[in-house]
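Read the structure below first, then the notes.
The values are calculated or read from the model by the stated rules, or taken from the named source; none is laboratory data. The shown structure was predicted, so the numbers you read here are calculated from the model rather than taken from an experiment. Counting neighbours? That spans all protein chains shown, and the Cβs are built from the backbone with ideal geometry, glycine included. The protein model used for the area step is the full one, side chains on, heavy atoms only, and it has no ligands, DNA or RNA in it. Shrake-Rupley method; radii C 1.70, N 1.55, O 1.52, S 1.80 Å.
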Amino acid sequence: DTSLVGAGANIVYPRVGQIVHYETELVAVIGKQAKGVSKRDALQYVLGYTCGNDVSERSIQRKEMAMGLMTVGKGFDTFAPIGPWIETELDPTNLRMRGRLNGVVVQECETSDLLFGVDALVEYLSACITLMPGDLIMTGTPGGVGPLKPGDRFDVEIDGIGILSNPVVAQEAARS
């Protein structure tokens, strides 16, 4: 829960951070309990969609992945900004996604270019995990991920949803 922050909130660059990256993502918000859902029916279980930034500390993530897990590298406080709201009347299959670092487009694609659609992700996850209302599924990022540093601002824009904008601050600055 402490990873989640909203639009306008600070992304806190951790004191132990070495390589912190942004990741523009479409986020599916589950609207009703889903278990064993077929791809054909999957979108009926989605309440709506929002913008997300799946912030990652790569040096820690790489060490974790070598051990067969992924927890802290993506789980720091403030590393999951989402927003600005949930759009409930939207077809997620062909939306334009853009990530801007300090106003410059660094990521851009259509959701149809992602490896897996929302329907496939809901089917896959619900085969093993009961998805509950309010669960969030980040759907993957386009090419162009790159580093963040204190003083940066990162915007995720998805057509039909809006813009999620978050400044990056050093951990020391966040405490003052």
Report summary line: Requiring at least 1 residues that are touching a Ser or Thr at 6+ places or on another chain (Cβ under 6 Å), the strands (runs of 3 or more DSSP E) wholly within segment 98-173 are 104-110, 153-158
Report task. May I ask you to list the residues in segment 5-60 that are of a type in the set (Val, Ile, Thr), over 23 Å from Cys128 (Cα atoms) and crowded, with 22+ Cβ neighbours inside 10 Å? Result -> Ile11, Val12, Val20, Thr24, Thr50, Val55, Ile60
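Let's see how each residue does on (1) out of contact with any helix residue (DSSP H, G or I) (no Cβ under 8 Å at 6 or more places or on another chain); (2) open to solvent by 60 Å² or more (accessible area, probe 1.4 Å); (3) in contact (Cβ under 8 Å) with a residue 40 or more places away in the chain:
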{"site": "Pro84", "(1), (2), (3)": "yes, no, yes"}
{"site": "Leu101", "(1), (2), (3)": "yes, no, yes"}
{"site": "Gln107", "(1), (2), (3)": "yes, no, yes"}
{"site": "Val122", "(1), (2), (3)": "no, no, yes"}
{"site": "Leu131", "(1), (2), (3)": "no, no, yes"}
{"site": "Asp135", "(1), (2), (3)": "yes, no, yes"}
{"site": "Pro147", "(1), (2), (3)": "yes, yes, yes"}
{"site": "Asp159", "(1), (2), (3)": "yes, yes, yes"}
{"site": "Val168", "(1), (2), (3)": "yes, no, yes"}
Query raised in the report: Out of all the residues in segment 1-48, which are under 20 Å from the mean Cα position of the chain (by Cα), under 13 Å from Ala120 (Cα atoms) and not in a strand (DSSP E or B)?
Result: Ala42, Leu43, Tyr45
Requested in this report: Within segment 86-99, count every residue that is farther than 20 Å from Asp135 by Cα and open to solvent by 50 Å² or more (accessible area, probe 1.4 Å).
Outcome: 2
Requested in this report: Kindly indicate whether Thr139 is in contact (Cβ under 8 Å) with a residue 24 or more places away in the chain, surrounded by fewer than 16 Cβ atoms within 10 Å (Cβ to Cβ) and among the β-branched types (Val, Ile, Thr).
Outcome: no
